[in-house]
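The values are calculated or read from the model by the stated rules, or taken from the named source; none is laboratory data. Bear in mind that the values here come from a model prediction, so they are computed numbers and not experimental data. All Cβ positions, even for glycine, are placed from backbone atoms using ideal geometry, and neighbour counts span all protein chains on display. When the accessible area is computed, the model is the full protein with side chains, heavy atoms only, and any ligands, DNA or RNA have been set aside. Shrake-Rupley method; radii C 1.70, N 1.55, O 1.52, S 1.80 Å.
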Amino acid sequence: MPSVYIKTYGCQMNVRDAEQVARDLAARGYGLAQSPEDADVVLLNTCSVRDMAEQKALGQMDQLQRLKKKKPHLVLGLLGCMAQSRGAELFDALPDLDLVVGTQKFHEVAGYVDRLRAGEAPIADTEAEAGSQNAIRDHTLAPQQVTAFVSIMQGCNMHCTFCIVPSTRGPERSRPIPHIVEEVRGLVAQGVKEVTLLGQIVNLYGRHEFPKVGNQTPFTQLLRAVAAVPGLERLRFTSPHPIGFKDDVIEAIRDLPNLCEQVHLPLQSGSDRILKAMHRGYTAAKYLDLVRRLRAAIPNVSISTDIIVGFPGETEEDFAATRAVMEEAAFDQAYVFRYSPRRDTPAATMEGQLSEEVKRTRNQDLLALLDRLVAEKSRARVGTTVEILVEGESKTNPARFQGRTRGNQLVILPREERWRGQLLPVRITESTGFTDYAEPAILETETLSV
């Protein structure tokens, strides 16, 4: 039986796309290899959001070309966002590469792999395809898997000046609500208890295809329909945009019992001048007002964010404004990135490009602030009882289990097989800030926190 090794870089949507490719190959008789050395086919599913992700994939493929010298039959492929962005030019830099497939052709990968193994010349396909958003719909679950991603849309129309996604993923296209609900029903029937809905800007789902019903946007209609699937214990979504995050979404989080009280809400900058240059469409004041409305309606909501430091032209005053917003918002988690110029984006050619040293200094400053904010929250969690969904072995210590709270806080606990896949009350005994440690609290009756 031929085997395939797939490595994914980047976001949850890339992970979901790779799962579909693996499923399609399995249906054609391919097994999953644990390493490139054991595989007949190696596919790297790539990311273009930051230069580091691209360089990692290119470096890995360069190493794989050396492996191909020893295994001439080996098929090498690059998939996803970088493949979409660079296309057939990748063959010039990587002469032993066999396959380049863009973001709207994942469903063609298995067929292309068969053709390459039959001796066909290298293949590149980065063409757009109508209806491609409906092709990421199948799952092959691992034994006792209790969480899953569901792709509800593809593409983005926002055109932030730093972002390459509109050119790599194309315009917004959404799947019909009944198709998504049916997919979730199938996952629950296989034992999945938590589903995360995925989209480039998930809260803008369906705005071009489907009508509002009363005061309900298509996204809120979808949330309510999925939340009603019998047996679905938890529902999440990522990532929304402050634009389009209306009261109906806040009300859904407040009112739907299985919709988790967790929102990932990218800020990117706290400077109005920089936000305008980024083409984000909101001000710092509007962003903070949204945070206040979320916390007023859902007092235990957990809010995380993305922030870019060192955007072209960012002054010390601009950076100070970002720092102030971060402190006022008191995020539960934040992902802080140094600005990375991306090809064919307006920001890449803007005046005022900053040095890597300035970016690094500002990045470290915000990370230190984040550590302080998170430490304050983690101290308050110690001694509380929370509900977690036990996902399975800890990624860093298989002798222990890990789970997540409704607020998406990672919790490590002793390994006990009967707890696998269960919603379990635990008492937090220790916290490092980003990871909590806990003991079961099955017999305790106090109100659970998040």
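General observations
- Of all residue pairs spaced 6 or more apart or on separate chains, those with beta-carbon atoms under 6 Å, a first member in the range 101-113 that is more than 21 Å from Leu74 (Cα to Cα) and open to solvent by 10 Å² or more (accessible area, probe 1.4 Å) and a second member that is polar (S, T, N, Q) and not in a loop (DSSP other than H, G, I, E, B) are Gln104/Ser132.
- Yes/no for Asp24 being assigned to a helix (DSSP H, G or I), touching a helix residue (DSSP H, G or I) at 6+ places or on another chain (Cβ under 9 Å) and more than 28 Å from Val150 (Cα to Cα): no
- For the range 23-35, a residue qualifies if it is buried (at least 20 other Cβ atoms within 10 Å of the Cβ) and touching a strand residue (DSSP E or B) at 6+ places or on another chain (Cβ under 7 Å), and the qualifying residues are Leu25, Tyr30.
- Matching residues in the range 261-296 - criterion: being aliphatic (A, V, I, L, M) and surrounded by 15 or more Cβ atoms within 10 Å (Cβ to Cβ): Val263, Leu265, Leu267, Ile274, Leu275, Ala277, Met278, Ala284, Leu288, Leu290, Val291, Leu294
- Taken as a whole, the structure places Ala441 among residues that are modelled with pLDDT under 95 and buried (at least 17 other Cβ atoms within 10 Å of the Cβ).
- The range 72-100, residues that are under 18 Å from Ser35 (Cβ atoms), surrounded by 14 or more Cβ atoms within 10 Å (Cβ to Cβ) and more than 26 Å from the chain's Cα centre (by Cα): Leu74, Val75
- Counting only helices (runs of 4 or more DSSP H) that sit completely within the range 117-231, those holding 3 or more residues that are more than 30 Å from Ser269 (Cα to Cα), open to solvent by 50 Å² or more (accessible area, probe 1.4 Å) and at pLDDT 95 or above correspond to 177-189.
- Residue that is farthest from Arg420 (Cα to Cα) [pool: residues in the range 357-375 that are without any contact (Cβ under 8 Å) to a residue 40 or more places away in the chain and open to solvent by 70 Å² or more (accessible area, probe 1.4 Å)]: Glu357
- Scanning the range 37-50 for any residue that is buried (at least 22 other Cβ atoms within 10 Å of the Cβ), more than 17 Å from the chain's Cα centre (by Cα), among the charged types (D, E, K, R) and farther than 28 Å from Thr147 by Cβ turns up nothing.
- Residue match in the range 44-51 (condition: in contact with a Pro (Cβ under 8 Å, 6 or more places away or on another chain) and touching a residue at least 24 places away in the same chain (Cβ under 8 Å)): yes
- When Leu424, Leu410 are screened for being within 17 Å of Phe331 (Cβ to Cβ), under 27 Å from the mean Cα position of the chain (by Cα) and open to solvent by less than 40 Å² (accessible area, probe 1.4 Å), only Leu410 passes.
- Given (1) of a type in the set (S, T, N, Q); (2) open to solvent by 10 Å² or more (accessible area, probe 1.4 Å); (3) touching a residue at least 40 places away in the same chain (Cβ under 8 Å), number of the condition Asn258 does not satisfy: (3)
- Test result for Arg293, part of a helix (DSSP H, G or I) and more than 21 Å from Ile201 (Cβ to Cβ): no
- In the set Thr429, Thr396, Thr405, only one residue is surrounded by fewer than 18 Cβ atoms within 10 Å (Cβ to Cβ), within 26 Å of the chain's Cα centre (by Cα) and either under 29 Å from Val195 (Cα atoms) or at pLDDT below 95 (or both); that residue is Thr396.
- Residue in the range 339-351 that is open to solvent by less than 60 Å² (accessible area, probe 1.4 Å) and of a type in the set (Asp, Glu) present: no
- Condition met for Glu37 (on the phi < 0 side of the Ramachandran plot, modelled with pLDDT of 95 or more, outside any strand (DSSP E or B) and not aromatic (Phe, Trp, Tyr)): yes
- Taking the range 1-21 as the range and being over 23 Å from the mean Cα position of the chain (by Cα) and part of a loop (DSSP other than H, G, I, E, B) as the test, the residues that pass are Met1, Pro2.
- Residue count for the range 335-372 under the criterion of being in a helix (DSSP H, G or I) and of a type outside the set (Gly, Ala, Ser): the result is 18.
- Scanning the range 342-351 for any residue that is in contact (Cβ under 8 Å) with a residue 40 or more places away in the chain, within 23 Å of Asp306 (Cα to Cα) and in contact with an Asp or Glu (Cβ under 9 Å, 6 or more places away or on another chain) turns up at least one such residue.
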